[in-house]
Amino acid sequence: MPGDADAIVVGSGPNGLAAAVTLAAAGLRVQVIEGAAVPGGGCRTQELTLPGFRHDVCSAAHPLALASPFFRRFAPAARGVRFAHPEVVYAHPLDGGRAAVITRSVADTAARLGGDAEAYRRLMQPLADGGNAIADAVLSSMRRPPSYSGALAVYARLGLRSAAAVADRFHTDEARGLFAGVAAHAMLPLTAPPTAGVALLLGSLAHTVGWPVVAGGSARLTDAMIDTIVATGGQVETGSWVRSLADLPPAPATLLDVAPRAFIAMAGEQLPARYRDALGRFRYGPGICKVDFALSGPVPWRNEAARQAGTLHLGGGFEEIAAAEAAVARGEHPDSPYVLVVQASVADPSRAPRGKHTLWSYCHVPSGSTVDMTARVEAQIERFAPGFTDLALARHTRTAAQEEEMNPNYVGGDIACGLQTVRQVPARPAGRWNPYRTPLRGVYLCSSATPPGPGVHGRCGELAALTALRDVFGVREPPDLGTLRPRPAAGALGTP
Ligand SMILES: Cc1cc2nc3c(=O)[nH]c(=O)nc-3n(C[C@H](O)[C@H](O)[C@H](O)COP(=O)(O)OP(=O)(O)OC[C@H]3O[C@@H](n4cnc5c(N)ncnc54)[C@H](O)[C@@H]3O)c2cc1C
C-alpha cells in the first residue's frame with residue numbers, strides 16, 4: 001500500500017490500533033507503522049524467561065478494556081478474545097497472614113472487612129452500581145459534561161481528593177491498606193489529588209466488570225485488532241522507527257501514537273513555538289522497574305484467599321505504602337517498595353507448562369532509574385509468601401531506563417506517558433479544546449498522552465480517529481465497528 005493509504009498511524013499500541021480500527025470501519029485504507037519488531041506496544045505477550053512461560057510484557061489486568069466504550073463496540077469476545085476472571089479480583093496482604101480481599105460482590109468484600117464493613121459498603125455500593133456511567137465519563141475526552149447520575153456525582157465529589165483524605169473514613173489496617181494499594185496505581189504521592197479518583201474508579205470496576213487477564217496473554221487483544229485492520233485491506237508494518245514526519249508516506253491523515261517529546265522531535269521547526277513550548281512543559285511521572293518470574297509452583301501466599309487473587313498490592317499498610325510512594329516522588333528508591341503483582345496463571349493456566357506459573361510484578365522508581373530492583377521486589381513478595389524465592393526458575397528484569405529503550409512512549413520509564421495530576425489529566429498534552437488535533441493540518445496525536453490517559457482502553461485512539469474523520473474526511477457519525485468486513489487485502493507487512 002506504500003503511498004496510497006488514506007491514513008497513516010505511527011505506533012501500534014492499543015491506542016494506535018484503536019485509531020486504525022476506527023478509521024478502517026469508516027472504509028479507509030490504513031497503514032500502521034510500528035518501530036518495535038513486535039506490534040502491540042503496552043499490550044504484548046512474550047516468553048521473557050523460559051520456553052513455554054508466556055509473560056505479559058506490559059499490561060496484564062484489564063478492567064479498563066472491559067469498561068471501555070471502544071472495546072464494548074469492538075466486541076473482542078466476538079473476535080475470539082476471552083477474558084479470564086480470577087476468583088478474587090485483587091488482594092492486599094498484610095503482615096501476620098492477614099489480607100484484605102476484593103471479590104466481584106460488594107457485600108462479600110464488605111463482610112470480610114470487619115469494623116469497616118459498613119463504611120466500605122456505603123462508599124462502594126453506589127459506585128459499583130454506577131460503575132459503567134463512571135467509566136464512560138472518565139474514559140472520554142473530558143470536554144463535555146457527562147449525563148448526570150448519582151454515582152457520578154459521588155465520584156466527582158470524592159474523586160478529586162487525595163487517597164489520604166478519603167481513606168480517613170476507614171479504621172482497620174485491612175480497609176486502609178486496600179485503599180492505598182489501589183490508589184498507588186496513580187503513581188503519585190497518596191496525599192496528592194486525584195489519587196482517590198484512581199482508587200475509586202479501579203475499585204468500583206472490580207465490582208462492576210472485574211479485573212480479568214486475557215486468556216493466552218494480552219497480545220490476543222492486539223492480535224484481534226490487527227486481524228481486523230488487515231481484513232479490511234490495511235497493513236501493519238513493524239521494525240520501522242519514524243524519526244521525522246518527512247519520512248512518512250503522503251496521506252490525508254496521520255495519527256501519532258507517540259509521546260509529546262517524540263512529536264516535537266518528529267515535527268521539528270514545523271510546530272508553532274507556542275504549541276511546541278506547551279508540549280515541552282508536559283510533565284512525565286516516575287518510572288517502573290518490572291520483574292517477571294517463571295515459577296515451579298503457585299506462590300505460597302500466607303493468606304489463603306490471596307492465592308486465588310489475579311492482582312495483589314504489596315507494601316503493607318496505608319502509611320507504609322504512602323511513605324514508599326512519597327520517597328519515589330522525592331527521587332529515592334524505597335527499601336520496601338509498593339509492588340504490584342499479577343498472577344495470570346491463577347485464572348489462565350495456559351501461561352505456563354502444566355503445574356508451573358508465571359508471575360508479573362513491578363515497583364515504582366524515580367524517572368530514568370537504572371537501578372535493578374529485583375532483590376527488593378522479591379523480598380516484598382517473600383514477606384507475604386515465605387518460600388517464594390525457592391520457586392523461582394528464572395527472572396527477567398527491566399529497569400525504568402530499559403522500559404524507555406523498549407518503548408519511547410515510556411519517557412524515563414513512565415508507563416502512564418505523563419503525570420496524572422488534576423491539571424494534566426484533562427489538559428493532556430496541552431490545554432486545547434480538542435486535545436487530539438495539532439497545529440499541523442491532518443496530523444493528530446492519539447497516544448495515552450491525550451485524554452483520557454493511560455490504560456488499555458483504546459479511547460485516546462478512537463477519539464483522535466473520530467476527530468480526523470470529521471476534519472479530513474467529512475465523516476460526522478462514528479462508524480459502526482460491528483460492520484467491519486474483510487476486503488481484498490494487501491496483508492500485514494512484517495507482522496510476526
Ligand atoms: C509494565 C506495564 C504494565 C502495565 N499494566 C497495565 C495493566 O495491567 N492494565 C492496563 O490497562 N494498562 C497497563 N499499562 C498501561 C498500558 O499498557 C498503556 O497505558 C497503553 O499501552 C498505552 O497505549 P498507547 O497506544 O497510548 O501506547 P503504547 O502502548 O505505549 O504504544 C505505543 C507504540 O508506539 C510505538 N512507537 C512509539 N514511537 C514510535 C516511533 N517514533 N516510530 C514508530 N513507532 C513508535 C511504540 O513502539 C509502541 O508500540 C501498563 C504498562 C506497562 C509498561
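The values are calculated or read from the model by the stated rules, or taken from the named source; none is laboratory data. In this text, all values refer to a predicted model and were calculated from it rather than measured experimentally. Quick reminder, even Gly has a Cβ in these numbers, built from the backbone with ideal geometry, and neighbours come from all protein chains shown. Side chains are part of the model used for accessible areas, which takes the heavy atoms of the whole protein and leaves out ligands, DNA and RNA. Shrake-Rupley method; radii C 1.70, N 1.55, O 1.52, S 1.80 Å.
In the range 444-476, of all residues being over 26 Å from ALA273 (Cα atoms) and aliphatic (A, V, I, L, M), the one that is nearest to the ligand (Cβ to nearest atom) corresponds to VAL456. Of all residues in the range 375-389, those satisfying the criterion of being assigned to a helix (DSSP H, G or I) and either out of contact with any Asp or Glu (no Cβ under 8 Å at 6 or more places or on another chain) or open to solvent by less than 20 Å² (accessible area, probe 1.4 Å) (or both) are ALA375, VAL377, GLU378, ALA379, GLN380, ILE381, GLU382, PHE384, PHE388. Close contacts from the range 5-18, counting a first residue that is more than 15 Å from PHE70 (Cβ to Cβ) and a second that is more than 9 Å from the ligand (Cβ to nearest atom) and of a type in the set (D, E, K, R), with Cβ to Cβ under 8 Å and a gap of 6+ residues or different chains, come to ALA5/ARG29; ASP6/ARG29; ALA7/ARG29. Taken over the range 63-102, the criterion of being in contact with a strand residue (DSSP E or B) (Cβ under 6 Å, 6 or more places away or on another chain) and hydroxyl-bearing (Ser, Thr, Tyr) is satisfied by TYR90 alone.
If you scan the range 161-199, which residues turn out to be hydrophobic (A, V, I, L, M, F, W, C), within 16 Å of the chain's Cα centre (by Cα) and open to solvent by less than 10 Å² (accessible area, probe 1.4 Å)? Selection gives VAL182, ALA183, ALA184, ALA186, ALA199.
Residues in the range 390-411 that are assigned to a helix (DSSP H, G or I), more than 17 Å from ARG307 (Cβ to Cβ) and more than 12 Å from the ligand (Cβ to nearest atom): ALA401 only.
Filtering the range 423-443 to residues that are away from the ligand (no atom under 13 Å from the Cβ), touching a strand residue (DSSP E or B) at 6+ places or on another chain (Cβ under 7 Å) and on the phi < 0 side of the Ramachandran plot leaves ARG437, THR438, VAL443. Residue-level analysis places ILE288 among those that are in contact (Cβ under 8 Å) with a residue 40 or more places away in the chain, closer than 19 Å to THR399 by Cβ and among the aliphatic types (A, V, I, L, M).
Residues of the range 1-32 that are near the ligand (Cβ under 6 Å from one of its atoms) and of a type outside the set (Gly, Ala, Ser): VAL10, PRO14, ASN15.
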